Amino acid sequence: FSTAAGRSMKGIDYSLYLVTGRALLPSGKGYLESLEESIRGGVTVVQVREKDVDTREFIHIASQTKAICDKYNVPVIINDRVDVALAIGADGVHLGQTDMTVDMARKLLPPGSLIGVSCNNVAHVEQAVLDKVDYIGVGAVWGTQTKKLTSPIIGVRGVGAMLRVLDGTGIKAVAIGGIKSTNLLRTLHGCVSTTGHALDGVAIVSDIVASLEPGQAASKLRSIFKQFNESS
Ligand code: TZP
Ligand code: MG
């Protein structure tokens with residue numbers, strides 16, 4: 001399967017979800033070079049999230065991203081912009097709480113497209129369940145310099161309470177915000193509901209993108225994730 005519909009039918013691996021951010025690249029590191037290295041290191045999904053670029057530039061970045069991701073059969077998700085997802089044939093979109101509604105996005109996108117939603121509290125997760133999204137992004141779990149936060153830091157116990165709402169739904173969950181190789185294991189162990197519901201993956205910007213060796217950064221994160229899955 002390499003179509004959007006095929007991937008969502010087959011289920012995708014959310015374990016190491018890269019969110020792009022060209023502003024964080026170290027000087028001398030090209031975006032596409034960094035992206036490809038990170039995928040070779042073990043990134044399993046890529047979300048194109050670029051603020052401060054105009055629409056044409058965003059489409060250009062997204063289509064270059066898709067060309068590389070296609071080479072490795074890694075799904076590409078577009079932040080906010082359903083039109084951009086359609087324009088480049090992305091696998092799906094990631095919607096914030098103030099973006100287009102899930103129902104509207106689903107009407108516009110091809111059947112089988114992935115739809116993910118940012119959730120900052122239990123009520124958001126309850127709505128995401130009603131909307132039958134494919135996955136939720138929960139954050140910020142820790143403090144972060146990458147995004148000016150508009151909602152409180154959730155912490156691992158808060159994430160656990162949100163995961164519980166997903167019991168029995170099949171909806172996947174990734175946590176985001178300040179996750180690094182240095183805190184990944186305790187993030188994964190901490191973000192578990194009282195019913196034993198754990199994260200399906202982690203979404204990361206700076207720990208990969210700001211690295212001079214994004215491939216090594218990704219492979220380190222991926223191996224910690226595997227270590228967690230084998231221990232639980
Ligand atoms: N949403 C909540 S925190 C965040 C986003 C997009 C940024 C996470 O970046 P980092 O560098 O992994 O902390
Ligand atoms: Mg958004």
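We did not get these values from a lab; they are worked out from the coordinates using the rules stated. None of these values were measured; they are calculated from a predicted model. Note: ideal-geometry Cβ built from the backbone for every residue, glycine included; neighbour counts use all protein chains shown.
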Over what distance in Å are the Cα centres of segment 181-232 and segment 6-56 separated? 16
Is the shape of segment 51-96 rounded, prolate or oblate, going by the alpha carbon gyration tensor and its root eigenvalues a ≥ b ≥ c, with a/c under 1.5 for rounded and a/b larger than b/c for prolate? oblate
About the Cα centre of the chain, how large is the charge dipole given +1 on each Lys and Arg Cβ and -1 on each Asp and Glu Cβ? Please answer in debye to the nearest 20. 320
Using only the alpha carbons of segment 58-168, determine the length spanned along each of the three principal axes and report them from longest to shortest in whole angstroms. 38, 32, 26
Which of the peptides 61-68, 33-40 is most tightly packed, and how do the rest follow, judged by the mean count of other Cβ atoms within 10 Å per residue? 33-40, 61-68
Roughly speaking, what is the centre-to-centre gap between segment 111-142 and segment 145-159 when only Cα atoms are used, to the nearest Å? 15
For the peptides 11-22, 149-160, what is the packing order when you average, over each peptide's residues, the other Cβ atoms within 10 Å and list the highest mean first? 11-22, 149-160
Placing each pseudo-label 7 Å from Cα in the direction of the beta carbon, Leu185 and Ala198 end up separated by a distance in nanometres of 1.3
If every Lys and Arg gets +1 and every Asp and Glu gets -1 at its Cβ, then about the Cα centre segment 33-90 yields a dipole, in debye to the nearest 20, of 180
Name the residue farthest towards the positive end of the dipole of the chain from the options Gly137, Leu184, Gln64, assuming +1 on Cβ of Lys and Arg, -1 on Cβ of Asp and Glu, about the Cα centre. Leu184
Quick one: Kirkwood hydrodynamic radius for segment 113-158, alpha-carbon pairs, angstrom, one decimal? 11.4
Over the chain, the quotient of the Cα radius of gyration and 2.2 N^0.38 Å is 0.93
Pair Arg56, Thr98: separation of 7 Å Cα→Cβ label points (nm): 2.8
Modelling each spin label as a point 7 Å along the Cα-to-Cβ direction, I'd like the Leu86/Ser223 distance in nm, to one decimal. 4.5
